[in-house]
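Worksheet for the structure shown next.
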């Protein structure tokens, strides 16, 4: 009896050891998922949580001002509704600041949590990369109204002169509501309504260009140390020049683009800030791109033709096939069945560079297919290797 109990205990220990080993193996297998979650949370880790909270109706998001009493908040700070406005965006902190002019300089009015934005820190480079841009942009009254899903939004003029000089592509970059975005900055709807009202009132008060400064993070010493190995260090140092000038004067600096860099000049008044200016070499770079796009031929119909190719079997006993076994024979005079050329509608805006490049690729592929068709489809017969 004692030996039987001992055997049971030994078996139990073995089973427990086996289960422990299986659990250890399972722990090893889930490590990649943990690593992935860390990678996704390197910047603005709360983006997904904010989006989920908004979807579940848990509004307002933490840190949101009381948008129901906008007029009262303006009075408390002595700010006019239609005074000039400046917007600053900080991607890593997921925050959007609104500054309003008061007594000749800009004062901080409100900070709003950005519900969601896609990508990571770093500039937008091309259409479809799901990145939100960084840099210095402006919005006019016309860009406060967008035809589509977000009629009340701020349409950034991306790509601006700086982006264009570096051949960066993309379009339809907005600050909008809805708390969901691919490449834009998405706010909650009540917050977006307030930002839009403040911006529209500023244009009605005479402001022609609303500056929007987009930074990867707040330019603090700790943030610089966190991102000291980023390949975008030189670009961010250039952005910091404009950041520091505004922090010093509390006036939006005048921004120009020259030699692939932003250049900043202190503004003399709150209403002096305007659209980006460009020096000679920047204009030359943009003009060269425009001339290249002007020489791209207009898209034409893309022919689509199909035909069945036949392969004649080799003589009995052939058991080796190489390229030398294939002998081309002349193509028939009429290829059957033939399909009439198909005209494909290209759905893109011809004014966009990304559209021009897309059409160039389509024309190249169409020409390549046409060249193959003009040479005739080839049929091959299989012969035995001697």
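A short reminder: the numbers here are calculations on the coordinates, not readings from a lab. Only a predicted model underlies this, so the values are computations on that prediction, with no experimental measurement involved. When we count neighbours, we look across all protein chains shown, and the Cβ atoms used for this are built from the backbone with ideal geometry, even at glycine.
Ranking of 192, 219 by neighbouring Cβ atoms within 10 Å, starting from the fewest: 219, 192. Fraction of C-alpha pairs exceeding 31 angstrom in segment 47-293: 20 percent, rounded to a whole number. Shown here is the pair-distance distribution of segment 135-276: with all Cα-Cα distances grouped in 10 Å bins from zero up to the longest one, the shares run 11, 36, 38, 14, 0 percent.
Label sites at residue 247 and residue 82, each approximated as a point 7 angstrom past Cα along Cα to Cβ, lie 3.5 nm apart.
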